[in-house]
Amino acid sequence: MSADAGPPRLDWARDGRDWPNREASRFVDAGGLRWHVQVLGPADARAPTLLLLHGTGAATHSWRALAPRLAQGFRVVAPDLPGHGFTSMPPPEGLSLPGMAAAVGALLAALGATPALVVGHSAGAAVGARAILDAGCTPRGLVGLNPALLPLAGLAGQLFSPAARWLGGVSLAPRLFARLGESPAVLDRLLRGTGSSIGDDGRRGYATLVANPGHVAGAIGMMARWELRALERDLSRLPVPLLSIVGARDTTLPPEEGERVRQRVPGATVETLAGLGHLAHEERPDLVAARISAFAAKVGTTVT
C-alpha cells in the first residue's frame, strides 16, 4: 500500500495558491516522503542554518511572520512534518517521535543542511530534541517555544494517550473531524483554546488545515503514537543548551511545564512572555525572534 493511501490530502496547486511565504517553498524527496519545505535567508553559504519545526496539527504557515525575521541573519529551513500540511503521509511508525526525528534527519541530509540552531514549537521541540539525541543533528542549541517535552502530568496525562490511540484506530475520525473543522465556530473555539489571539492570515492557514482529512489524519496519527517517557529519561543527556520560551497565558500547556523541563536539563533556561499564549510566536514574532537571536549569540552561533 502506498504511504499516501488514505484520506485526501492538500493539493499545492489549489490549497497552496496563497500559502504564506509561498515563494520560498520547494518539494524534496527524502526518507521515502515527499516533503514541503520552505527555505529563506541569505544565499551566502556561510550563513548559519536554523531549523524550524512546527507542532502537532500545524504546518509552515505557523512561521509566516517569524521565519522572514529570522531569515535576516540565518538560512531558515522550515518543513511541514510528516503527514502534516503538504508533506506526504508516512507509514504509521513514521508518525512516532523516533520516526519523525529520523525523517527530519533524512531531510536534512538530502538538503545538505547542518543546523546551527533548532527551534521547535510544542511537539516540534520534542522532535528537535530527539533528532539531536538520535539522528545526528548537532546544533549549537535548541529553542523550545512552549515546548511539549514531557508527558502530561496528572489526570490529563493518564487520559490523553489512550484517547488518542482510540481515535487513531477509528478510520472515519479524520473525515469527521475535518467536517467539524469546516465550521468557523469550531475553528474559533480551537484557537481560543490556545490562549493566543492571532490575525486573519493565521486563521486562514489553520482553516485550510483543519478542514482537510489528510492533514487531520496526520495530526491524529501523531498524537496516537506520541510517547514522551523515553525522551523524559534522555533529556538529562541533551548535549546542547536549551532555552524554553513560554507564554504566560498558554492554556494548551501550563507555563509551569517550562520549570519542569528546566529541572531535567542541566543548564536549561526559561523565559516567560507575559500576555501571550501557546502560539506566542504567531502573536509576537518580533519579540520571539529577538529572544532567539539573543540565544544564538549566547551559544556562539554567528549571525551574518
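The values are calculated or read from the model by the stated rules, or taken from the named source; none is laboratory data. Every value quoted in this text rests on a predicted model; they were computed, and no experiment measured them. Cβ atoms come from the backbone with ideal geometry, glycine included; neighbour counts cover every protein chain shown. Remember, those area values only see protein heavy atoms, side chains included, never the ligands or the DNA or RNA. Shrake-Rupley method; radii C 1.70, N 1.55, O 1.52, S 1.80 Å.
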Within the set of pairs 6+ apart or on separate chains, which have a first residue in the stretch 242-258 that is open to solvent by 60 Å² or more (accessible area, probe 1.4 Å), a second that is among the hydrophobic types (A, V, I, L, M, F, W, C), and C-beta atoms under 8 Å apart?
-> 249/276
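Of all residues in the stretch 31-46 being within 27 Å of residue 214 (Cα to Cα) and out of contact with any Pro (no Cβ under 9 Å at 6 or more places or on another chain), which is most open to solvent (accessible area, probe 1.4 Å)? Full working, then the answer.
Taking the stretch 31-46 first, the residues within 27 Å of residue 214 (Cα to Cα) are 31-40.
If we keep only those that are out of contact with any Pro (no Cβ under 9 Å at 6 or more places or on another chain) too, we end up with 34, 39.
Working: 34: 110, 39: 24 Å².
Among residues in the stretch 31-46 that are within 27 Å of residue 214 (Cα to Cα) and out of contact with any Pro (no Cβ under 9 Å at 6 or more places or on another chain), the one most open to solvent (accessible area, probe 1.4 Å) is 34.
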Residue, farthest from residue 198 (Cα to Cα), within the stretch 259-281, restricted to residues that are aliphatic (A, V, I, L, M) and open to solvent by 20 Å² or more (accessible area, probe 1.4 Å) | 270
Meets criteria (within 16 Å of the chain's Cα centre (by Cα), farther than 25 Å from residue 191 by Cβ and open to solvent by 10 Å² or more (accessible area, probe 1.4 Å)) for residue 28 | no
In the stretch 203-240, residues that are open to solvent by 20 Å² or more (accessible area, probe 1.4 Å) and of a type in the set (S, T, N, Q) total 2
Options 39, 76, 118: the member that is among the β-branched types (Val, Ile, Thr) and closer than 20 Å to residue 222 by Cβ | 118
Please tell me if residue 43 is in a loop (DSSP other than H, G, I, E, B) and out of contact with any helix residue (DSSP H, G or I) (no Cβ under 8 Å at 6 or more places or on another chain).
-> yes
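Residue by residue, here is whether (1) at pLDDT below 85; (2) hydroxyl-bearing (Ser, Thr, Tyr); (3) part of a helix (DSSP H, G or I) holds:
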position	(1), (2), (3)
170	yes, no, no
175	yes, no, yes
178	yes, no, yes
187	no, no, yes
198	no, no, no
203	no, no, yes
206	no, yes, yes
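Residue under question is residue 188, and the condition is that it be more than 30 Å from residue 137 (Cα to Cα) and of a type outside the set (Val, Ile, Thr); does it hold? If you could, list the steps in order and put the result at the bottom.
Working: more than 30 Å from residue 137 (Cα to Cα): yes; of a type outside the set (Val, Ile, Thr): yes.
When the stated conditions are applied, residue 188 passes them.
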